[in-house]
Amino acid sequence: MASGEDYVIGIDFGTASVRAIVVDAATGEQKASAVATYERFAQGHYCDASINQFRQHPLDYIEGLQKSVLGALDGCNEKIRANIRAISVDTTGSTPVAVDKKGMPLALKPEFQDNPNAMFFLWKDHTAIGEANEINQYVEKQKVDYLKYVGGIYSSEWFWAKLLHMLRQDPAVGEAAHSWVEHCDWIPFLLTGGVAAKEIKRGVCAAGHKALWSEEWDGFPPDRFFSGLDPLLKGWADRLPKDTFAADETAGYLSPEWADKWGLSTNVHVGIGAIDAHMGAVGGQIAPFYMSKVMGTSTCDMLAMPPQEVGDTLVDGICGQVKGSIIPGMIGMEAGQSAFGDVYAWFKEVLAWPLQHYRSNNQTEESQTEVLRHIEDHLLKELNAAAVTIEVTSDTELALDWLNGRRTPDADQSLKAAITGLSLGSDAPSIFRALAEGTCFGAKKIVERFRNRGVVIKGIIGVGGVAKKSPFVMQLMADILEMPIRVHTSEQTCAYGAAMFAATVAGIYPKVEEAMQQMGQGFEIEYLPNTEMAKVYRERYARYEKLCAFIESDATN
């Protein structure tokens, strides 16, 4: 158990920034924190939304790591610094990168420093839609169903599709690359001073949910499977290890280089990394039969189920079910939506476009920028407030949430969103309300898929920015799902989950469940469904399903 002088660091690599928190392992009290944005990514470098390309330079991660941890430690006294026991990390995923034999991302080499194909392929990069479709068609012809534990459909967001796309698009990068590594596996390798790609410890979380690793076929699928798909993949599976590790295990100790950068001991444990939503579910105190919805730019819906409850059940159309991926010993199930908060952010940008491009001769550029920033900062808040007052009927505006394709159920990143029922009376709040409702209907589709396959869901745990900032969306979701939603107190559940795993890796707690109990921050509010609205939303959900079917059938014609 924690002694009162045990502290840990949780590091959360998000889509746009990295956050580090220093936590008292005995109480869960946050002692300090700091955030660093990815400077190149913030400027839009190496990204092109028109072709679904989203890449991140490894220097953004390295610089952000240094700034965030140092910034957090600057807020700590010497006693805390001297008693840091462990560090654990979560990242977005699947966010892989090509590395050389030393485990160095190729974009850190001068000849590839500005080549997007040598950088990390961010989770929402959908340039590999074609490759994902090929994998799905290829597996249908195989004797072994290598997709059975990832919902039966491989996604363009994932490991192998992105690797194959890179190899086809850029032979020079493919020739220089020795291996393909997830972000959450590479950061612990970096922090422990790794010098060989073959020594990188792969976490079961990313390997199982994104890269087809399974105990059933003794690791990753064999080389013959991948080389049969495309000869360019020959040899790549053989460069991956047979074994994977849960996040309660250690990747090693902090290297002298990083210990010196931060003024820490080389006796600090570094935990195995995992995907942000998985650690976020732990930070949000996930419990069996309760779905943790990590709601940010996208959603990740997590379930941690006892193996005896799951049995031989396989849920199709989700992002996988992997033993040990959330809580060691339990079956971690993942689903989610490719766009959630991004839907609201997109609509805000649409409304703000005229303001961003209008210039008045009567105002200085500085004053115009200040006014624009003020409007943008308050736009979503005002839309939420106005949307609450709209009386919804079966005929009001209706929207699909597929602005970034569909993650689950049944991944298809080529699908597009839609808005119907527009009239001259449709205004910004009514369209925003339809978009918000669409995201909640998308959440209902996921819950129904689990339930229809026999998985019991008793309630929802809401974590992340949307859960904390939008009572309108949360009440709307409770009404549509017809289930209670508890919102977790912590604003940084992913970083807290990493801290809980760090405390377990250090041996302060024997199991992460005990770390959750002792370090968890509890819940701040519970949204209960409005039963009077249930009938209306059931009718509208039926219309939503018809619209889904129409758009999907139109896309295939």
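The values are calculated or read from the model by the stated rules, or taken from the named source; none is laboratory data. Quick caveat: nothing in here was measured; it's all calculated off a predicted structure. Every residue, glycine as well, gets a Cβ built from its backbone with ideal geometry; the counts of neighbours run over all protein chains shown. All accessible areas refer to the heavy atoms of the entire protein, side chains included, with ligands and DNA or RNA removed. Shrake-Rupley method; radii C 1.70, N 1.55, O 1.52, S 1.80 Å.
Considering only the stretch 58-83, state which residues are closer than 22 Å to Asp185 by Cα and open to solvent by less than 10 Å² (accessible area, probe 1.4 Å).
Pro58, Asp60, Tyr61, Gly64, Leu65, Ser68, Val69 - these are the residues of the stretch 58-83 that are closer than 22 Å to Asp185 by Cα and open to solvent by less than 10 Å² (accessible area, probe 1.4 Å).
Give the residues of the stretch 331-358 that are acidic (Asp, Glu) and in contact (Cβ under 8 Å) with a residue 24 or more places away in the chain, sorted by residue number.
Taking the stretch 331-358 and keeping what is acidic (Asp, Glu), we get 334, 342, 349.
Listed by number, the residues that qualify are Glu334, Asp342.
Are any of the residues in the stretch 326-339 over 30 Å from Ala515 (Cα atoms), part of a helix (DSSP H, G or I) and either among the small types (Gly, Ala, Ser) or open to solvent by 70 Å² or more (accessible area, probe 1.4 Å) (or both)? Looking for residues that are over 30 Å from Ala515 (Cα atoms), part of a helix (DSSP H, G or I) and either among the small types (Gly, Ala, Ser) or open to solvent by 70 Å² or more (accessible area, probe 1.4 Å) (or both), one finds none in the stretch 326-339, hence no.
Each residue in the stretch 450-476 was checked for being open to solvent by 40 Å² or more (accessible area, probe 1.4 Å) and either part of a helix (DSSP H, G or I) or not hydrophobic (A, V, I, L, M, F, W, C) (or both), and 9 pass. For the stretch 259-304, which residues satisfy the criterion of being more than 20 Å from the chain's Cα centre (by Cα) and either within 15 Å of Gly329 (Cα to Cα) or open to solvent by 10 Å² or more (accessible area, probe 1.4 Å) (or both)? Correct list: Asp260, Lys261, Gly263, Leu264, Ser265, Thr266, Asn267, His269, Pro288, Phe289. Looking only at residues of the stretch 391-408 that are at pLDDT 95 or above and over 22 Å from Asp48 (Cα atoms), we find that the one that is most open to solvent (accessible area, probe 1.4 Å) is Glu397.
Can you name the residue in the stretch 135-148 that is assigned to a helix (DSSP H, G or I) and out of contact with any Asp or Glu (no Cβ under 8 Å at 6 or more places or on another chain) and is also surrounded by the most Cβ atoms within 10 Å (Cβ to Cβ) among such residues?
Just the residues of the stretch 135-148 that are assigned to a helix (DSSP H, G or I), to begin with: 135-139, 148.
Of the ones still in play, those that are also out of contact with any Asp or Glu (no Cβ under 8 Å at 6 or more places or on another chain) are 135-138, 148.
Numbers: Ile135: 25, Asn136: 16, Gln137: 10, Tyr138: 16, Lys148: 16.
Of everything passing the filter in the stretch 135-148, Ile135 is surrounded by the most Cβ atoms within 10 Å (Cβ to Cβ).
Note on the stretch 505-542: among residues that are of a type in the set (Val, Ile, Thr) and part of a helix (DSSP H, G or I), the one that is farthest from His488 (Cα to Cα) is Val536.
For every residue, the table says whether it meets (1) modelled with pLDDT of 95 or more; (2) farther than 28 Å from Ala502 by Cα; (3) of a type in the set (Val, Ile, Thr).
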site: Thr91; (1), (2), (3): yes, no, yes
site: Ala98; (1), (2), (3): yes, no, no
site: Ile135; (1), (2), (3): yes, yes, yes
site: Phe159; (1), (2), (3): yes, no, no
site: Cys184; (1), (2), (3): yes, no, no
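Give the residues of the stretch 84-95 that are more than 20 Å from Ser17 (Cβ to Cβ), surrounded by 24 or more Cβ atoms within 10 Å (Cβ to Cβ) and not small (Gly, Ala, Ser), sorted by residue number.
Within the stretch 84-95, the subset more than 20 Å from Ser17 (Cβ to Cβ) is 84-86.
Subset that is surrounded by 24 or more Cβ atoms within 10 Å (Cβ to Cβ): 84, 86.
Across the stretch 84-95, the qualifying residue is only Ile84.
Does Asp248 fit the bill of being open to solvent by 20 Å² or more (accessible area, probe 1.4 Å) and assigned to a loop (DSSP other than H, G, I, E, B)? Before the answer, list the steps.
Details: open to solvent by 20 Å² or more (accessible area, probe 1.4 Å): yes; assigned to a loop (DSSP other than H, G, I, E, B): yes.
Taking the combined requirement at face value, the residue satisfies it.
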